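J.: Got a structure here, written out as structure tokens. Questions coming.
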Amino acid sequence: MSIKETVQIEEDENGDLFFKLSDKVWKELEEEGWQIGDTLQWDDNKDGSWSITKKEETEWVLVETLSQFKSSYMVEVPKGKTEWAFDTVVMGEAQEFSQEHLLPTDIIINHRVMTKQEALNLCTERNEVPEWSDETKIRNYFTPMKDKQ
């Protein structure tokens, strides 16, 4: 939906800025689900005009996946002692030689909606970063919704 209307920005007695919408525009916005009290996002169009969009509420969803990789190791052992290479790999003592992702995408095995605080707590638990700020955790481990313009 794209509604274009030129409005005058006014200032109330407290210094807050506001503008009035025509009845026609307000009716169209109501039909799209806009309400008084909605949070709005202002975007500078860099041409002297601004676009205003309704900021949608969001939620965090934990999506857990399964990936399959084929890992290869090149292990030197005494001649005739092939099984020693198995032990070296199983004990975690081998250098990885190569790795190949076997499926084109991860397989989603589980998901759940979480509050922001639950997600931050889980991030701390799984990544052992209790001293990081919430903003740092989100920046490094979360995938925020991008504005869809």
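J.: Any idea what log10 I(q)/I(0) is at q = 0.15, 0.21 Å⁻¹ for segment 60-141, Debye with uniform C-alpha scatterers and no solvent?
T.: Evaluating at q = 0.15, 0.21 Å⁻¹ gives log10 I(q)/I(0) of -0.79, -0.96.
J.: Setting aside same-chain residues fewer than 8 positions from residue 4, which aspartates and glutamates have a Cα under 17 Å from its Cα?
T.: Residue 4 reaches 23, 28, 30, 31, 32, 43, 44, 47.
J.: I'd like to know how segment 10-54 sits against the 2.2 N^0.38 Å rule of thumb: what's its Cα Rg over that expected value?
T.: 1.31
J.: Right, another one. Based on the Cβ-Cβ distance from residue 98 to residue 145, what FRET efficiency comes out when R0 is 41 Å, to the nearest 0.05?
T.: Calculated value: 0.70.
J.: Helix-only estimate, please: 222 nm mean residue ellipticity of the chain, summing -39500 (n - 2.57) across DSSP H runs of length 4 or more and dividing by its residues, to the nearest 500.
T.: Only helices count here, giving -7500 deg cm²/dmol.
J.: Further, regarding this structure: Need the list of lysines near residue 70 for cross-linking: C-alpha distance under 28 angstrom, and skip anything on the same chain fewer than eight residues off.
T.: 79, 81
J.: Moving on to the next point. Order of 76-89, 11-24 by packing, highest average Cβ count within 10 Å first?
T.: The densest-packed peptide leads the list: 76-89, 11-24.
J.: How about residue 116: which aspartates and glutamates have a C-alpha closer than 18 Å to its C-alpha, ignoring those fewer than 8 places off in the same chain?
T.: In chain and number order, the partners are 56, 57, 59, 64, 125, 128, 131, 134, 135.
J.: Rounded to the nearest 0.05, what FRET efficiency is calculated for residue 28 and residue 58 with R0 set to 25 Å and r the Cβ-Cβ distance?
T.: About 0.55, to the nearest 0.05.
J.: Suppose the chain between residue 136 and residue 8 were pulled fully straight at 0.36 nm per residue; how much longer would it get relative to their current alpha carbon spacing?
T.: 42.1 nm
J.: OK, next. At 0.890 mPa s and 25 °C, plugging the Kirkwood radius over alpha-carbon pairs of the chain into Stokes-Einstein gives what diffusion coefficient in µm²/s?
T.: Translational diffusion coefficient: 112 µm²/s.
Read the figures in this text as sums done on the coordinates, not as results from a lab. As the structure is a computational prediction, the values presented were derived from the model and not from experiment. We place every Cβ from the backbone using ideal geometry, glycine too, and count neighbours over all the protein chains shown.
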